[in-house]
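The values are calculated or read from the model by the stated rules, or taken from the named source; none is laboratory data. Computed from a prediction, not measured in an experiment: that's the story for all the values here. Every residue, glycine as well, gets a Cβ built from its backbone with ideal geometry; the counts of neighbours run over all protein chains shown. To get the accessible areas, we keep the full protein, side chains included, count just its heavy atoms, and leave off ligands, DNA and RNA. Shrake-Rupley method; radii C 1.70, N 1.55, O 1.52, S 1.80 Å.
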Number of protein chains: 2
Amino acid sequence: MLRFIHPPLALTLSATLAFANPLPSWNDTNAKARIISFVDQVTDPASDSYVTPAERIATFDNDGTLWAEQPLYFQLIFAINVIGTMAAEDPSILTSDALRAAANRDYKVVLAGGKEAIVEIMKISHAGMPVETFQARVADWLDSTTHPDTGLAYDEMTYQPMVELLVYLRDEGFKTYIVSGGGIHFMRVFAEEAYGIPPEQVIGTYTETTYSTDTGTPVITKAPAVGFFDDKEGKPINIDRIIGRRPIFVSGNSDGDFAMLDWSTSGPGPRLGLIVHHTDAVREYAYDRDGQIGVLNDGLDLGPGKGWLIVDMASDWARIYVGQQNGK
Amino acid sequence: MLRFIHPPLALTLSATLAFANPLPSWNDTNAKARIISFVDQVTDPASDSYVTPAERIATFDNDGTLWAEQPLYFQLIFAINVIGTMAAEDPSILTSDALRAAANRDYKVVLAGGKEAIVEIMKISHAGMPVETFQARVADWLDSTTHPDTGLAYDEMTYQPMVELLVYLRDEGFKTYIVSGGGIHFMRVFAEEAYGIPPEQVIGTYTETTYSTDTGTPVITKAPAVGFFDDKEGKPINIDRIIGRRPIFVSGNSDGDFAMLDWSTSGPGPRLGLIVHHTDAVREYAYDRDGQIGVLNDGLDLGPGKGWLIVDMASDWARIYVGQQNGK
């Protein structure tokens, strides 16, 4: 697992180095220039667009924005693994097509089942244990599993240019948050080491939890029910609920992020919306309008008219993964 | 309103002054000594009990812990005022005993109706408008209304010793949060000026909200339904959900805070639970085991056995309100 092997390069950059060249893995294209221009503008006290540090809130989707999400969401791969392990011990848990597909590691059938299948798999694999137990399982899985295409640990498949962007924004006084459809308890296991984002700045989907003192010690247990889906309009709703300010920098990659970008960038004053467009079939994956993961239509059709920056991974990024320089 | 008149004294204390005498409005009793001893212990890198700054999470209840809550919760007084104004324009909204009592400013009848009456009043008074509109109303109310007993603005009835405690903890590397049964949108209007606590560190009860782009601009609107009650076991559940770490310093005043204190202080390593006990009938209000506001039984019965510090307002505090030196 990444955090026990080496810290991501960008997280160890000094502020001085970052100042000299804040985004070394970004090519010298328009995308990099626009990001730096925006940051210069909002951090210059002499600028009309100056924003106080307290209001420099930046939110990032995770799957497909900060790390890869193919051939399917990494958290779902984890969940499918858990179902497989559980079914080996007790096949009677396989009460539906979705669960049987999961036990067979049949990703295609799982995805074809849509949101309903995903929820069913999540409910069984993510519930019935204390939060700490769940997080230890996630850590074990990250330590022991590699991605089928790259051979990298999943948390080495974070995007080097985005990690640099997070560091750059923090160096410039921004507070960086994850706002993801992924689960809070899952993401918090690696977010601090991988991105420098502490647990209290990880916003996401969550299962219901229960509080009990039955054993004599208070314990919080994950329940088999989704408490909140942090996707689509759930993202601005959750940001209002948890952060209570409208972000000025906001980044995503799919139409699940559209409402978050739209709400954030429609506020007064300077705002930057950024969409990571998956255009690199050689070094990563090329996908947008079709499929079942990371579908992007509205962002491509309406984003440019709203002034959003569409980042072309193939041409704007000199490097893809933190864990690897080139190629899958 | 406080924030336009004068900043609370403690918020303008320099770190140097704070270091010299961090809690000037606390008498030199055991309570002050225990707080300082705990903070010294967890911030001394040479101590076995040292806690890294990232883990120095401190959570505070608001009503009855950071500001007064008599003769009833200030947010409920606000809501009752709103119902009165709404009923003057349209009496047909008064469809229940609770709403009629609110329109008559009959606090006793409202309280006698219990949680159900409060929820009904909150639903009508807190919904059907964008978050920004609601918050402007709260700000207007704080600017224009004074407390019936003290004549102070409500946000001047914050407790000077607790404001000093917040500043002291932050000076010592703690991150201070509110975790209150009060509403997030309500508290965020004054929490930063009154306590130095930014919106993203205000956790509380919230109404459901809806996201709409019907007018062409995205807007988040408060809906007439409670989304989450941040009280009793809801407090540790919400802390796990939003902060993702177990606080090491935790403070409350009623049995609504018991679960938060119990969960927090049962974690490993050094922890301090603090209960504000309302013992001062002359300068504030004396109440604990009986009544409908701030009822405290379990905390008094079980808290000392759990090592919690019970603060006696009458003897431990040299001063009560930020807005006034002595007496109601």
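Worth a mention:
- Qualifying residues in the range B:83-112 (those that are hydroxyl-bearing (Ser, Thr, Tyr) and farther than 19 Å from residue B:226 by Cβ) - the one least open to solvent (accessible area, probe 1.4 Å): B:107
- Residues located in the range B:146-182, provided they are touching a Gly at 6+ places or on another chain (Cβ under 6 Å) and within 14 Å of chain A (Cβ to nearest Cβ): B:180, B:182
- Residue count for the range B:34-89, restricted to those that are of a type in the set (A, V, I, L, M, F, W, C), within 14 Å of chain A (Cβ to nearest Cβ) and in a helix (DSSP H, G or I): 1
Residue-by-condition table, conditions (1) surrounded by fewer than 18 Cβ atoms within 10 Å (Cβ to Cβ); (2) within 30 Å of residue B:153 (Cα to Cα); (3) in the same structural domain as residue B:240 (by TED's automatic domain parsing):
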| site | (1), (2), (3) |
| --- | --- |
| B:40 | yes, no, yes |
| B:53 | yes, no, yes |
| B:56 | no, no, yes |
| B:59 | no, yes, yes |
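- Of all residues making up the range B:153-190, the number that are in contact (Cβ under 8 Å) with a residue 60 or more places away in the chain and assigned to a helix (DSSP H, G or I): 16
- Of all residues making up the range B:95-120, the number that are within 15 Å of residue B:78 (Cα to Cα) and either assigned to a loop (DSSP other than H, G, I, E, B) or β-branched (Val, Ile, Thr) (or both): 6
- Odd one out for residue A:292 among (1) at pLDDT 95 or above; (2) touching a helix residue (DSSP H, G or I) at 6+ places or on another chain (Cβ under 8 Å); (3) open to solvent by 50 Å² or more (accessible area, probe 1.4 Å): (1)
- Selected residue [of a type in the set (Ser, Thr, Tyr) and either outside the structural domain of residue A:25 (by TED's automatic domain parsing) or crowded, with 23+ Cβ neighbours inside 10 Å (or both)] from A:321, A:287: A:321
- The set of residues from the range B:264-282 being within 14 Å of chain A (Cβ to nearest Cβ) and either surrounded by fewer than 24 Cβ atoms within 10 Å (Cβ to Cβ) or under 16 Å from residue B:296 (Cα atoms) (or both) comprises B:265, B:266, B:267, B:268, B:271, B:273.
- Of all residues in the range B:17-45 being among the aromatic types (Phe, Trp, Tyr) and in contact with a helix residue (DSSP H, G or I) (Cβ under 9 Å, 6 or more places away or on another chain), the one that is modelled with the highest pLDDT: B:26
- Filter result (more than 27 Å from residue A:172 (Cα to Cα), at the interface with another protein chain (Cβ under 9 Å from one of its Cβ atoms), open to solvent by less than 20 Å² (accessible area, probe 1.4 Å) and touching a Gly at 6+ places or on another chain (Cβ under 9 Å)) within the range A:219-263: A:234
- Residue ID - surrounded by the most Cβ atoms within 10 Å (Cβ to Cβ), chosen from residues in the range A:191-218 that are hydroxyl-bearing (Ser, Thr, Tyr) and touching a residue at least 40 places away in the same chain (Cβ under 8 Å): A:195
- Residue check, residue A:103 small (Gly, Ala, Ser) and modelled with pLDDT under 95: no
- Extreme residue, most open to solvent (accessible area, probe 1.4 Å), among residues of the range B:113-158 that are in contact with a Pro (Cβ under 8 Å, 6 or more places away or on another chain) and among the small types (Gly, Ala, Ser): B:128
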